[in-house]
């Protein structure tokens, strides 16, 4: 499997607090990697670094041949570099972050029209196809505020896919949802994984990790402690801290 | 009383027309300038930010009347000669632009960071994010305070009478010095200002309630 993401010796600090320590992670094309760990362990920060939403102090990130260099402390960032990376990488947020003043359809077509310079007809045709895929073809003219959380998150996934990313990042996509809406979002993500999308998912949904992930990464205090296929990591964790974490989250 | 009113009506109407014109003209300048100053104020570049901050503080820290005198009487010394109306529009526009820039800056800051991140992660540039995502949402937030400034500007146009613009206040003064009927003419002027600004304020409050409702439903 050809690697599409290579994170090498990534370190990041907020002031004097080190939040990522020499993180190394390689993700192959079509691979689904689930990142687990306690709150504040740095798992969200890691994926936010991958599409340049966070700066980092040392190390490097390569996505499909494009690389991001450390930029912590510098006021200027290399915008061309960021633009290339973001073209490759889609991101789904915990809080959806849909544009509340735009309809569902406009949410999905905005970036393709403005960034990819597609004409409106092409962008809308693509958007309708994607919205159908996430089961929201009947809601295209509603505003985000008129949708449930689960529906909003599915629109957010469609919006991200409209840019035709090679990699999708999910930052706790179901954490802000009412329990009955979690499964509809996970179902869409399962579908993406089946179709071969490369995905990095930060989540607390251990069932999803076990079922869909090719590999699970356990992060603790900003360090990657353990990386293994889900069956190994969940059933036979090597590290003491992984065991403790899993016993806490899998208990119920 | 009625015969007085009838004989004053042409001058008062001319004055009112100019007052309304100064209000809309000043506001148009203020809106554009306010947005430019707000964007300068939030710029990452210190070279852009520092002069903008200095300018806004200069304007907010001095009386509008002084600014009008400065533009009309002092700028000609530097070769910038303007008609009274041009000077008045510029003075009102700059003064209100400085105040509005703070309103706009607040509105822009009130749009959540998540909106910026979503736009960035879709590959949108800073300018695209501002134009398509941040400003449309900020605009809804700043409509009520901007409306209040609009009504306030309407009343402040009376100050430009001091640089010989023949707006409503100026016409009142002319009539007063002609007829010595101070109570009558200034009461009429009073009523005209109030008859316009009070309904306008009520309109702004209605807009505010409406925008609160539409934000609450999200």
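Would you check which residues across region B:73-94 are without any contact (Cβ under 8 Å) to a residue 40 or more places away in the chain and closer than 24 Å to residue B:52 by Cβ and list them?
B:74, B:75, B:78, B:80, B:82, B:86
Would region A:134-142 turn up any residue that is away from chain B (no Cβ under 14 Å), closer than 19 Å to residue A:93 by Cβ and either touching a strand residue (DSSP E or B) at 6+ places or on another chain (Cβ under 8 Å) or crowded, with 18+ Cβ neighbours inside 10 Å (or both)?
Here is the first cut: in region A:134-142, the residues away from chain B (no Cβ under 14 Å) are A:134-141.
If we keep only those that are closer than 19 Å to residue A:93 by Cβ as well, we get A:134, A:136.
Within this subset, residues satisfying the condition of being either touching a strand residue (DSSP E or B) at 6+ places or on another chain (Cβ under 8 Å) or crowded, with 18+ Cβ neighbours inside 10 Å (or both) are A:134, A:136.
Checked region A:134-142: at least one residue is away from chain B (no Cβ under 14 Å), closer than 19 Å to residue A:93 by Cβ and either touching a strand residue (DSSP E or B) at 6+ places or on another chain (Cβ under 8 Å) or crowded, with 18+ Cβ neighbours inside 10 Å (or both).
Under 6 Å between Cβ atoms, at least 6 apart or on separate chains: pull out the pairs that start in region A:179-206 with a residue that is farther than 18 Å from residue A:230 by Cβ and end on any residue that is part of a helix (DSSP H, G or I).
A:181/A:149; A:181/A:150; A:184/A:150; A:185/A:150; A:185/A:153; A:188/A:154; A:188/A:157
Just one of A:249, A:217 is at pLDDT 95 or above and within 23 Å of residue A:176 (Cβ to Cβ); which is it? Steps first, answer last, please.
On the way: A:249 fails: at pLDDT 95 or above.
None of the other options fit; the residue is A:217.
Is it the case, given these coordinates, that residue A:159 is in contact with a helix residue (DSSP H, G or I) (Cβ under 8 Å, 6 or more places away or on another chain), assigned to a helix (DSSP H, G or I) and touching a residue at least 40 places away in the same chain (Cβ under 8 Å)?
Details: in contact with a helix residue (DSSP H, G or I) (Cβ under 8 Å, 6 or more places away or on another chain): yes; assigned to a helix (DSSP H, G or I): yes; touching a residue at least 40 places away in the same chain (Cβ under 8 Å): yes.
Spelling it out, residue A:159 is indeed in contact with a helix residue (DSSP H, G or I) (Cβ under 8 Å, 6 or more places away or on another chain), assigned to a helix (DSSP H, G or I) and touching a residue at least 40 places away in the same chain (Cβ under 8 Å).
Among the residues of region A:111-137, which ones are without any contact (Cβ under 8 Å) to a residue 12 or more places away in the chain and more than 15 Å from residue A:151 (Cα to Cα)?
Looking only at region A:111-137, we keep the residues that are without any contact (Cβ under 8 Å) to a residue 12 or more places away in the chain, and these are A:113-114, A:117-122, A:125, A:129, A:132, A:137.
A:113, A:114, A:117, A:118, A:119, A:120, A:121, A:122, A:125, A:129 - these are the residues of region A:111-137 that are without any contact (Cβ under 8 Å) to a residue 12 or more places away in the chain and more than 15 Å from residue A:151 (Cα to Cα).
Which of the residues spanning region A:1-20 are buried (at least 17 other Cβ atoms within 10 Å of the Cβ), under 15 Å from residue A:58 (Cβ atoms) and touching a residue at least 60 places away in the same chain (Cβ under 8 Å)? Give the derivation first.
If we filter region A:1-20 for residues that are buried (at least 17 other Cβ atoms within 10 Å of the Cβ), which is where we start, we get A:4-5, A:7, A:10-12, A:19-20.
Filter once more, so that each one left must be under 15 Å from residue A:58 (Cβ atoms): A:7, A:10-12, A:19-20.
Passing the criteria: A:12, A:19, A:20.
Exactly one condition in (1) in contact with a strand residue (DSSP E or B) (Cβ under 9 Å, 6 or more places away or on another chain); (2) in a helix (DSSP H, G or I) is not met by residue A:191; state its number.
Condition not satisfied by residue A:191: (1).
Residues of region B:100-115 being away from chain A (no Cβ under 14 Å) and out of contact with any helix residue (DSSP H, G or I) (no Cβ under 6 Å at 6 or more places or on another chain), which ones?
Result: B:102, B:106, B:109.
Taking residue A:89 and the conditions (1) in contact (Cβ under 8 Å) with a residue 60 or more places away in the chain; (2) surrounded by fewer than 19 Cβ atoms within 10 Å (Cβ to Cβ); (3) over 28 Å from residue A:247 (Cα atoms), which numbered condition does it fall short on, given that it satisfies the others?
(2)
Anything in region A:71-119 that is facing chain B (nearest Cβ under 10 Å), over 28 Å from residue A:56 (Cα atoms) and more than 21 Å from the chain's Cα centre (by Cα)? List them, or say none.
Residues satisfying the conditions are A:100, A:101, A:102, A:106, A:113, A:114.
To keep it simple, each residue is scored yes or no on (1) exposed (fewer than 15 other Cβ atoms within 10 Å of the Cβ); (2) within 20 Å of residue B:99 (Cα to Cα); (3) touching a residue at least 12 places away in the same chain (Cβ under 8 Å).
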| position | (1), (2), (3) |
| --- | --- |
| B:142 | no, yes, yes |
| B:157 | no, yes, yes |
| B:166 | no, no, yes |
| B:170 | no, no, yes |
| B:175 | no, no, yes |
| B:178 | yes, no, no |
| B:184 | no, no, yes |
| B:210 | yes, no, no |
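How many residues does region A:125-156 hold that are part of a helix (DSSP H, G or I) and touching a helix residue (DSSP H, G or I) at 6+ places or on another chain (Cβ under 6 Å)? Lay out the reasoning, then the answer.
Filtering region A:125-156 for residues part of a helix (DSSP H, G or I) gives A:125-133, A:137-139, A:144-146, A:149-156.
Okay, now just the ones that are also touching a helix residue (DSSP H, G or I) at 6+ places or on another chain (Cβ under 6 Å), so A:127, A:130-131, A:137, A:139, A:144, A:149-150, A:152-155.
Result for region A:125-156: 12.
Within region A:212-244, track down each residue that is touching a residue at least 12 places away in the same chain (Cβ under 8 Å) and out of contact with any strand residue (DSSP E or B) (no Cβ under 7 Å at 6 or more places or on another chain).
Scanning region A:212-244 gives A:220, A:221, A:231, A:234.
Could you check, for region A:75-98, whether at least one of its residues is over 30 Å from residue A:248 (Cβ atoms), in a helix (DSSP H, G or I) and in contact with a helix residue (DSSP H, G or I) (Cβ under 7 Å, 6 or more places away or on another chain)?
Going residue by residue through region A:75-98, those that are over 30 Å from residue A:248 (Cβ atoms) are A:75-90, A:98.
Narrowing the set further to residues that are in a helix (DSSP H, G or I) leaves A:79-88.
Pick out the ones that are also in contact with a helix residue (DSSP H, G or I) (Cβ under 7 Å, 6 or more places away or on another chain) and you get A:86.
Yes - at least one qualifying residue is present in region A:75-98.
The values are calculated or read from the model by the stated rules, or taken from the named source; none is laboratory data. Please read all numbers here as calculations on a predicted model, not as lab measurements. Every residue, glycine among them, receives a Cβ derived from its backbone with ideal geometry; neighbour counts consider all protein chains shown.
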